[in-house]
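Enquirer: The structure that follows is given in the form of structure tokens.
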Number of protein chains: 2
Amino acid sequence: MGVVIPMDEKERGKASLQPLLDLTSTDMGAVNGEILSHATSHVEMIPELAGHLINSGGKRLRPMVTVASCRMCGIDDDLAPVKLAAAVEFMHTATLLHDDVVDESDLRRGKPAARMIWGNQASVLVGDYLLGQAFRMMVETGSLECLRILSNAASVIAEGEVLQLAAQKDITTTEDAYMKIIDAKTAALFSAAAEVGAAVAERPREEQEAMESFGRNLGVAFQLVDDALDYSGKQAELGKEVGDDFREGKVTLPVILSYRRGDAVQREFWSEKLEKGLQGDTDLLQAIRYLEEHGAIDATVERARHYGAKARDALAIFPQSALKSSLIDAVDFCIERVH
Amino acid sequence: MGVVIPMDEKERGKASLQPLLDLTSTDMGAVNGEILSHATSHVEMIPELAGHLINSGGKRLRPMVTVASCRMCGIDDDLAPVKLAAAVEFMHTATLLHDDVVDESDLRRGKPAARMIWGNQASVLVGDYLLGQAFRMMVETGSLECLRILSNAASVIAEGEVLQLAAQKDITTTEDAYMKIIDAKTAALFSAAAEVGAAVAERPREEQEAMESFGRNLGVAFQLVDDALDYSGKQAELGKEVGDDFREGKVTLPVILSYRRGDAVQREFWSEKLEKGLQGDTDLLQAIRYLEEHGAIDATVERARHYGAKARDALAIFPQSALKSSLIDAVDFCIERVH
């Protein structure tokens, strides 16, 4: 099970998150307790708003990666893996709260976004609170190296969000520019989530770099598949609406590829719908038709496979173990969920 | 000069920030360099937006307190005071960016607020970036205790902002409730700014607590005088408009006192103008008349003096020095600027 099997040799649809879920379940129970205990405040609105998002059924993939990385690197106390994983999840939650304000999103994980219930103002401030709490938990681990990795990630994520904001209404965004955006806004946290395990275990530099690379490539693959899913029927099963990115005028890789491969009429379509936001009822269907015509969804998933392969190979230097296999399965799962 | 002179024995208007400015000028030059070097990014909008606020003529009182505290506590290398002070200023700047979004403010320090030029979205994200950079600078000092103090402050500040948001349109906010808000949203950062100096110098606990108390009480006094200034002609000299708090419906101590001391007609006035926001051209003048009628501005400044006295006395355990005197002068200056 732990052997790295190239995707095309492997039966599709078999990859599962279950091994990782099973191997981290005890730790993740403790992470959940840590999350709940740090989402409290004597200020009523904070646990209400934070709880709305925390209990909304996220996969908690990032903290699971942290816990698995810590354990695979030989940490045998319970404090560091749990604190670091909870901190990673809080950084993610804070980002989601601010993202929804910036994107003016109505829904998050199939439920009304926090800002629709408590307002933009509270979402901004509770995001700030959760980020502060994330740093408090990191401090409790006593690892300056983990603080360095995660504070660096906090800056890079925000940089990526600003980059995305600038590109949001620009249909001529290149694939290279887009890859820089997702490397920062999504992959930086996955990368830090994985790297801190090796860092807190004080493993040799090459292992820390391997975990960093694993996380970063997994993050890129994850985001690309998310982009593809946004235009796929599978999306509805994940508690999201098909076409959220389209409605929000987000220029993602499927659109970038379709725009570049399309003719003048199609380019005008993308510009009008995404840059100018002039959307009617049937435009999403038309968009999906153009994406399919140019194989843009498949090409996006193919790109994701490339990063998935890099993520798997990054783990090659670690000895065989059930945890390592479960992380490889998680990479495959992230990509295969598109089918 | 270093002797603690009660305000009423001291000639008014003599307190000056100059000694503190002089004694910290070399360090603050380095802090400025540190700030500029961490406000950069390959993402163009970040240095533009951050620079707008960083160069807008803030007093940099908080980082000056950090530098003075570090030096008074005997730190003789240059790294920690400069990094910590720059981190404190970035935390403050991030808070201002988010505050202006939350308060929908048009102006900041007499210039258009960043959100009026670059938008709310960019202000939220660049605030996040600066907070990330603040933590990166703290990590560079290598002091887990400073990270503990400042990450705790980050959470408490956000809690205070949420509390204020809930109280914003509530004219029946009590003085006690209001004091809790400013203790969190303003005093927590002053307190941390002062405490980190003793912490990084590894001074005995009683000195760290003394610096914490100095900063906290200075912060409360500073905020109360700010609240009073908002209804005073002196405000215009400070690059702000008179009545900003009034227009934004902020329930501050002068209003709380005037509301409680007023009759039913006056209470209805405050409710209509601040809770419901039904303001006409002459309402600010009427508000100031009510505040004067009840001596609410003077009472607010009197409360500030109380905290100023506590701040001065907190420093009593430190031996006499030019730096100590300059910090005491700074307390007096913060209060006397109202005249």
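Enquirer: Would you say B:ALA177 is without any contact (Cβ under 8 Å) to a residue 60 or more places away in the chain and of a type in the set (A, V, I, L, M, F, W, C)?
Expert: yes
Enquirer: Go through the range A:247-264 and give me each residue that's surrounded by 21 or more Cβ atoms within 10 Å (Cβ to Cβ), in contact (Cβ under 8 Å) with a residue 40 or more places away in the chain and not aliphatic (A, V, I, L, M).
Expert: A:THR252, A:PRO254, A:TYR259 - these are the residues of the range A:247-264 that are surrounded by 21 or more Cβ atoms within 10 Å (Cβ to Cβ), in contact (Cβ under 8 Å) with a residue 40 or more places away in the chain and not aliphatic (A, V, I, L, M).
Enquirer: Sort through A:PHE269, A:PHE246 and tell me the only one that's modelled with pLDDT of 95 or more, of a type in the set (Phe, Trp, Tyr) and assigned to a helix (DSSP H, G or I).
Expert: A:PHE269
Enquirer: Kindly indicate the residue of the range B:53-65 that is touching a residue at least 60 places away in the same chain (Cβ under 8 Å) and either within 14 Å of another protein chain (Cβ to nearest Cβ) or hydrophobic (A, V, I, L, M, F, W, C) (or both) and also surrounded by the fewest Cβ atoms within 10 Å (Cβ to Cβ) among those meeting that condition.
Expert: Top of the filtered list is B:LEU61.
Enquirer: May I pose another question? Give the residues of the range B:157-174 that are within 7 Å of chain A (Cβ to nearest Cβ), in contact (Cβ under 8 Å) with a residue 24 or more places away in the chain and either out of contact with any Ser or Thr (no Cβ under 8 Å at 6 or more places or on another chain) or over 23 Å from B:GLU89 (Cβ atoms) (or both), sorted by residue number. Give the steps one after another, and end with the answer.
Expert: Step one: list which residues in the range B:157-174 are within 7 Å of chain A (Cβ to nearest Cβ), which gives B:158-159, B:161-163, B:165-166.
Then keep just the ones that are in contact (Cβ under 8 Å) with a residue 24 or more places away in the chain; that gives B:159, B:161, B:165.
B:LEU165, the sole residue that qualifies.
Enquirer: Let me ask another. List pairs: first in the range A:66-85 and charged (D, E, K, R), second in a loop (DSSP other than H, G, I, E, B), Cβ under 9 Å, 6+ apart or cross-chain?
Expert: Cβ pairs passing all conditions: A:ARG71/A:THR24.
Enquirer: I'd like the full set of residues that are surrounded by 24 or more Cβ atoms within 10 Å (Cβ to Cβ), among the hydrophobic types (A, V, I, L, M, F, W, C) and more than 22 Å from A:LYS276 (Cβ to Cβ), limited to the range A:157-181.
Expert: Correct list: A:ILE157, A:ALA158, A:VAL162.
Enquirer: Please enumerate the residues belonging to the range B:127-154 that are facing another protein chain (nearest Cβ under 7 Å) and closer than 16 Å to A:ASP128 by Cβ.
Expert: B:ASP128, B:TYR129, B:LEU131, B:GLY132, B:GLN133, B:PHE135, B:SER151, B:ASN152, B:ALA154, listed by residue number.
Enquirer: Of the residues A:ASP128, A:ASP170, A:ASP183, which single one is on the phi < 0 side of the Ramachandran plot and touching a His at 6+ places or on another chain (Cβ under 7 Å)? Don't jump to the end; show me each part of the working.
Expert: Numbers: A:ASP170 fails: touching a His at 6+ places or on another chain (Cβ under 7 Å); A:ASP183 fails: touching a His at 6+ places or on another chain (Cβ under 7 Å).
Just one listed residue meets the conditions, A:ASP128.
Enquirer: Same structure, new question: Would you check if there is a residue in the range B:149-156 being surrounded by fewer than 21 Cβ atoms within 10 Å (Cβ to Cβ) and more than 18 Å from the chain's Cα centre (by Cα)?
Expert: no
Enquirer: Out of the range A:86-110, which residues are free of Cβ contacts under 8 Å to residues at least 60 places away in the same chain and out of contact with any Asp or Glu (no Cβ under 7 Å at 6 or more places or on another chain)?
Expert: Result: A:GLU89, A:PHE90, A:THR93, A:ALA94, A:LEU96, A:LEU97, A:ASP100, A:VAL101, A:ASP106.
Enquirer: Further question on the same structure: If A:SER41 satisfies every condition in (1) in contact (Cβ under 8 Å) with a residue 24 or more places away in the chain; (2) in a helix (DSSP H, G or I); (3) touching a helix residue (DSSP H, G or I) at 6+ places or on another chain (Cβ under 7 Å) but one, which is the exception?
Expert: A:SER41 satisfies every listed condition except (2).
The values are calculated or read from the model by the stated rules, or taken from the named source; none is laboratory data. Given the structure is predicted, the values throughout are model-derived calculations rather than measurements. Neighbour counts are summed over all protein chains in view; Cβ atoms, including those assigned to glycine, are modelled from backbone coordinates with ideal geometry.
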